[in-house]
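Worksheet: the structure to be examined is printed underneath.
The values are calculated or read from the model by the stated rules, or taken from the named source; none is laboratory data. Everything numeric in this text was worked out from a predicted model, so none of it was measured. With ideal geometry, Cβ positions are generated from the backbone for all residues, glycine too; neighbour counts draw on all protein chains shown.
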Amino acid sequence: MKFILGKKVNMTQVFTQDGHVEPVTVISAGPNTVTCVKSQESDGYESVQVGYVPRPKNETEKAAHKRYQFVREFRIEGKGVDLKVGDTINASTFAVNDTVEVSGISKGKGFQGVVKRHGFHGGSRTHGQKHSEREPGAIGGRGRAGGRVSLGMRMAGRMGSDRITVKNLKVVQIDSEGGLILVRGAIPGHRGTLVEIKSS
């Protein structure tokens, strides 16, 4: 299993060998440092914990995971662990045409109405309607749910800032020296968002 932490840089396009244009997202990946390895015998499951972006050096800080700005753990049950604390993971871990999944926090959009948040069509534009083009309409009452608003009712509210995972993305190019991975398609978040990349 391959995995790495990185940051979203931007989107661009590249030309393939046969002249086709591929829309890609550029990710600045690694280097990551292994800070902890957990095993089935000692912890009950197998995983590797990695750190990304070192903090300013603090001689008094002994814990490895506190020496990095970002620390994440990747479960690798049943696949064996051939890494040890102190090992480095970089972009060259992946190869062109690898299939990966990318997880990150999506852009926050603040408080939004039901049309933008849930795709409601709004009210009728005719028959005397005046101010209800983007209103949600009735939300309950009478027989349904005993006259109260049901849990999970789609209404206006905060939108975005959710953890999103995009699967089946293809690695188009690898720049080992620059630490860049180019994947086909879009990934969640704004420029600079921390993302987790792992093989599918």
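Key figures
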| item | result |
| --- | --- |
| Scope region 12-52; condition of a type in the set (A, V, I, L, M), more than 18 Å from ARG75 (Cα to Cα) and surrounded by 17 or more Cβ atoms within 10 Å (Cβ to Cβ); matching residues | VAL24, VAL26, ILE27, ALA29 |
| Out of ILE76, ILE4, sole residue that is under 25 Å from LYS170 (Cβ atoms) and assigned by TED's automatic domain parsing to the domain that holds LYS170 | ILE4 |
| Contacts under 6 angstrom Cβ, first residue in region 1-19 being touching a residue at least 60 places away in the same chain (Cβ under 8 Å) and charged (D, E, K, R), partner surrounded by 14 or more Cβ atoms within 10 Å (Cβ to Cβ) and in a loop (DSSP other than H, G, I, E, B), 6 or more apart | LYS2/PHE94; LYS8/GLY189; LYS8/THR193 |
| Test: residue in region 154-170 that is more than 20 Å from LEU5 (Cβ to Cβ), among the aliphatic types (A, V, I, L, M), more than 18 Å from the chain's Cα centre (by Cα) and exposed (fewer than 12 other Cβ atoms within 10 Å of the Cβ) | no |
| Within region 97-154, considering residues that are of a type in the set (A, V, I, L, M, F, W, C) and touching a Pro at 6+ places or on another chain (Cβ under 7 Å), the one nearest to ILE27 (Cα to Cα) | ILE105 |
| Residue within region 20-28 that is closer than 21 Å to ALA91 by Cα, touching a residue at least 60 places away in the same chain (Cβ under 8 Å) and in a loop (DSSP other than H, G, I, E, B) present | no |
| Lone unmet requirement of (1) on the phi > 0 side of the Ramachandran plot; (2) under 22 Å from the mean Cα position of the chain (by Cα); (3) modelled with pLDDT of 85 or more for VAL24 | (1) |
| Members of region 153-200 found to be charged (D, E, K, R) and in a strand (DSSP E or B), listed by number | ARG158, ARG163, LYS167, LYS170, ASP175, ARG184, GLU196, LYS198 |
